[in-house]
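Please read the structure below before turning to the comments.
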Amino acid sequence: MSEYNFAYLDEQTKRMIRRAILKGLAVPGYQVPFASREMPMPYGWGTGGVQVSAATLTPDDTFKVIDQGADDTTNAVSIRKFFENTAGVETTEETEKASLIQTRHRIPEAKLREDQIIVYQVPIPEPLRFLEPRETETRKMHSLEEYGLMHVKLYEDISQHGAISTSYAYPVKVSGRYVMDPSPIPKFDNPKLEMDAIQLFGAGREQRIYAVPPHTKVVSLDFEDYPFEATKADHPCDLCGAEDSYLDEVITDDAGSRMFVCSDTDYCRCRREAGHTGRMTKDVAA
Amino acid sequence: MYVAVKGGEKAIENAHSWLAEERRGSTDVAELSIAQIREQLSLAVNRVMAEGSLFDPDLAALAIKQARGDLIEAIFLIRAYRTTLPRFGCSNPVATAEMACDRRISATFKDAPGGQVLGPTFDYTHRLLDFKLAAEGEVPDAPKGAPRDEPTPHITEFLQGEGIIQDEPEGDETPDDLTRQPMEFPSKRPLRLQSLTRGDEGFVLGMAYSTQRGYARNHAFVGELRIGKVAVEMDIPELDFAIDIGEVELTECETVNQFKGSKTEPPQFTRGYGLVFGQSERKSIAMALVDRALRWKELGEDNLGAPAQDEEFVLSHADNIQATGFLEHIKLPHYVDFQSELELVRKLRREAEERITPKEAAE
Amino acid sequence: MTPLLQVKDIEKRYGTRIGCSGVSFDLYPGEVMGIVGESGSGKSTLLNCLAGHLEPDAGQVIFDTRADGPVDTVTMSEPERRMLGRTDWAFVHQHARDGLRMSVSAGGNIGERLMAVGDCHYGQIRDRAIDWLGRVEIDGSRVDDRPTAFSGGMQQRLQIARNLVTGPRLVFMDEPTGGLDVSVQARLLDLLRGLVREMGLSAIIVTHDLAVVRLLADRLMVMKDGYVVEAGLTDQVLDDPQHAYTQLLVSSVLQV
């Protein structure tokens, strides 16, 4: 693919995206409009994340792509391949070794460092969208900090279900100012949003970029008497025995038997290599 | 042990080879050439150029071939390609009044300078399958007339001369470019028109149709519809004058709509505008109707709450590449989100059961 | 005493047509001002100018804010005005649908203003919602029902509860009893009178129904063709109308 520029996008476009990223970092949680380009993968499949990664990558970077926490899901493979071809950067599956991580729907379990950047793919950047479909109105609500409606939604959840029934894309308030959609990560990941690494969010179809700088306060919205809870399946991983990681539930036979495995494949692999075992690997190890 | 659908590279590669084979179809049948698609499926090529926003019949034909005839997929290929092209500058506005018209009709005047020219239209064909086409054979030559040398004036010019139609003064402002600027609301008309001309034909058609059925009806007449080639000129800084860099085929539609007047302005007709690459008649008429419906604010009309009047609704959903991508992304893995929902529903059910059970026990 | 609201020479035009013009008055804390007139007299235009929904072409609307004392709300920034709109000001629409969120429960409707100013204790918000439902004579068991399940009179009472829950100092009401049955109107008027007295509310009520102002308003302004033609104490104006138009209004009611 040598006919394309490094990381596919032309330099002018990258500069435009970098300006949006810098603005996003300067105003944490604020959605910066940007002239999203058509990418050779469909809108809704990570075009925002891909553009942010393309504008952020340097030839020295080591790139990791995960989808649902895993490096080997088809869309992750496809995006990794895209950058291998267009940027020729080194890629890795090890969170530890990556300098730039593009993700869809998960934050890795391993704590990220100050010298790392994580790029989220965002389908709908507007946390108020399903309460108010009009862009003109939601932008006004953000600018005037009118977030009462967001709490009305949570209030209605509790009054109907006895609990806040948002389990992913759980809204947060960033740096005491903007309410932000953290992308469809499970709410289990929300506490990790306060981290040492730079977090960039790209929504290609919706033409928005936003960011959370390192060490920024990120609070999940809740009520004092119904505090936010980061939940996960109440099991250890059946492969590595981890009790602190987010789990995928897998149906293993026609009778509907289940097993639970780490959604973060690299985390699980590292633990198994370090000798940890779970329900289904104990016998093998023994 | 069952392994989750973590497909990986091999699966993707295999899928691609299978796709290539399916695209080719049976090798007993001769392969389509790009030229055949360009020449014989020209309206499909036109649609791909219009919605792909790139005037290049050969590339559009290639895209159709590669996409196995799925026009939205072909449009996507063209869009993805066009973003990578370097931009040398922009052309001068094309002069559609100078168009060499293959077709030019008006529904508002029986005759006008330049005449009514039917051109190659399906309009008065009887829609009967022509089984002769199933066999091969040459088409007899169509009769030829002398081409018109002088330009064909726009019908609306005659109305404008009389001052009876709303004036559209030429602006010197450089309009925003939809491919370089994010769409923001309230939008300006140039961005709206750009969005409509590359918008999905079916969507724009449906929106236009809804205005005709009473959802913000605006009583449109086709003032003029013209199809033909126009020259594309560009200013070359070093040369100090504009040079022809090629020509494109366009379909232009101007509608003449219900008159309106206000305290300050006498009653007059208003207009809607459609301009689309290639011979794209249905699309350009639909575009003109939707354009007109979206102008309610500027023309001091009431917002009737009709979908076609709602620019956020129309412009945010007109692009089929955005729409199809987002629609189809729900087939990507979502098991992390789904897992989260599963746990929540299980928890809520558990709690609901606990609330119900003690009550029953007490009874 | 500083007036709560000082209205000075408010004018609003629609093109060459006058919406309202030359309107001035002071409203003191605890006072209820009625504005009457036929449809097209400019009373709703005036109310919308006062409440910040329309921008007047001229004039001032000076409100005695808690923090900074008297401030012209016409020239204040939109965030400040919106803040007033959800704290010290309230607006009761003629049609409850315009003032309620129809797809949100009664509790959520009442709680919204509380949450908008930062309340984030679910139990307390809910308790206050139930308390307010009681005060507008709606059974607390309806707290989780949506307004769509309520009668017209109940919807209007819910709208009032939603507006008064934050203890506003000034309430704008646009034909609050319009569109309700006569018996329902009477009950709503009783309720409003009770609330106004109990909370010491200041209010500006626009209506074409003289019975409403007779019952609720301390003072009265009569509008015709965009101008105030007569103003004074309610009883005085209604019992001894001076302007020919007011006389007509009063007599037309008596005839009915």
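Structure notes:
- A simple spin-label model places pseudo-atoms 7 Å from Cα toward Cβ; at B:Q181 and B:R346 they are separated by 5.2 nm.
- Look at the alpha carbon pairs under 8 Å that are at least 6 residues apart: their mean separation over the length of chain B gives a relative contact order of 16 percent.
- Relative contact order for the stretch A:185-286, counting Cα pairs under 8 Å that sit 6 or more residues apart, in percent: 22
- Among the listed pairs B:K65/B:K144; B:K65/B:K188; B:K260/C:K8; A:K14/A:K187; C:K8/C:K224; B:K10/B:K347, those with a Cα-Cα distance over 27 Å are B:K65/B:K144; B:K65/B:K188; B:K260/C:K8; A:K14/A:K187; B:K10/B:K347.
- If R0 is 25 Å, the Cβ-Cβ spacing of B:K10 and B:I72 corresponds to a FRET efficiency of close to 0.30.
- Principal-axis analysis of the Cα atoms of chain B puts helix B:42-52 at an angle of about 70° to the longest axis.
- In this rough spin-label picture, where each label sits 7 Å from Cα along the Cβ direction, the A:D234-B:T174 distance is 6.4 nm.
- Over chain C, dividing the summed -39,500 (n - 2.57) contributions of all DSSP H runs of at least 4 residues by the number of residues returns a 222 nm mean residue ellipticity of -12000 deg cm²/dmol.
- Computing FRET efficiency as 1/(1 + (r/R0)^6) for B:K188 and B:E312, where r is the C-beta to C-beta distance and R0 is 22 Å, gives about 0.95.
- Under 12 Å, Cβ to Cβ, from C:L188 - net charge with Lys/Arg +1 and Asp/Glu -1: -2
- Mean residue ellipticity, 222 nm, helices only, chain B: the sum of -39500 (n - 2.57) across DSSP H runs of n ≥ 4, divided by residue count and rounded to 500, is -12000 deg cm²/dmol.
- The alpha-carbon positions of the protein assembly as shown define a convex hull whose volume is 256 Å³ per residue.
- R0 of 30 Å, Cβ-Cβ distance C:A211-C:S24: FRET efficiency to nearest 0.05: 0.65
- Relative contact order [Cα under 8 Å, 6+ residues apart], the stretch B:9-82, whole percent: 27
- Computed over chain A, the per-residue total of -39500 (n - 2.57) for DSSP H runs of n ≥ 4 gives a 222 nm mean residue ellipticity of -8000 deg cm²/dmol, rounded to 500.
- Under 18 Å from the B:D244 label point (7 Å along Cα→beta-carbon), backbone N, the stretch B:96-128: B:96-102
- Inter-chain Cβ neighbour count for C:114-123, averaged per residue, equals 6 (cutoff 10 Å, partner chain atoms only).
- Dipole magnitude of chain A about its Cα centre (Cβ charges: Lys, Arg +1; Asp, Glu -1), debye to nearest 20: 880
- Degrees separating the helix B:281-294 axis from the principal Cα axis of chain B, which is the longest one: 80
- GNM flexibility winner over chain C from C:L46, C:L158, C:L215 (Cα, springs under 10 Å): C:L215
Read the figures in this text as sums done on the coordinates, not as results from a lab. Since the model is a prediction, treat every value here as computed from it, not as a measurement. In this analysis, Cβ positions are derived from the backbone assuming ideal geometry, glycine residues included, and neighbour counts consider all displayed protein chains.
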